[in-house]
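I have placed the structure first, in the form of structure tokens, so that the comments after it can refer back to it.
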Amino acid sequence: MKKYILIQKESNTPWKEYKEEFDTLQDAQERMHQMYRDVAINGAELIEAAGYKDTEAYAEFEDHNVVSWSIEEYEG
């Protein structure tokens with residue numbers, strides 16, 4: 001059965017990752033959008049650049065820290 005994992009990374013702390021697992025791609029995408037919105041939209045005054053696609057997103061801050069999200073599919 002296919003499962004999906006949402007991974008959040010920050011360039012300032014490359015050794016750390018935050019992960020959440022989902023049963024459907026739609027659920028993973030909804031969560032990624034929520035996380036992106038919380039960081040990129042609510043912190044817009046500190047954002048230098050941001051982007052959003054179906055299975056990946058990023059937000060780059062003024063201090064050059066980049067928060068990124070990606071959704072990966074795997075057999076679970």
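For (1) surrounded by 12 or more Cβ atoms within 10 Å (Cβ to Cβ); (2) modelled with pLDDT under 95; (3) among the β-branched types (Val, Ile, Thr); (4) farther than 30 Å from residue 1 by Cβ, each residue gets a yes or a no:
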position	(1), (2), (3), (4)
29	yes, no, no, no
32	yes, no, no, no
42	no, yes, no, yes
45	no, yes, no, yes
63	no, yes, no, yes
66	yes, no, yes, yes
72	yes, no, no, no
Among (1) touching a strand residue (DSSP E or B) at 6+ places or on another chain (Cβ under 7 Å); (2) without any contact (Cβ under 8 Å) to a residue 12 or more places away in the chain; (3) in a helix (DSSP H, G or I), there is one condition residue 30 misses while meeting the rest; what is its number?
(1)
Are any residues in the stretch 54-73 outside any loop (DSSP other than H, G, I, E, B) and within 16 Å of residue 42 (Cβ to Cβ), and if so, which ones?
57, 58, 59, 60, 61, 67, 69
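Got a sec? Which of 48, 21 is more than 26 Å from residue 63 (Cβ to Cβ) and either of a type outside the set (A, V, I, L, M, F, W, C) or in a strand (DSSP E or B) (or both)?
Of 48, 21, the one residue that is more than 26 Å from residue 63 (Cβ to Cβ) and either of a type outside the set (A, V, I, L, M, F, W, C) or in a strand (DSSP E or B) (or both) is 21.
The values are calculated or read from the model by the stated rules, or taken from the named source; none is laboratory data. Bear in mind the structure is a predicted one, so any value in this text is a computation, not a measurement. FYI the Cβ positions are ideal-geometry reconstructions off the backbone, even for glycines, and counts take in every protein chain you see.
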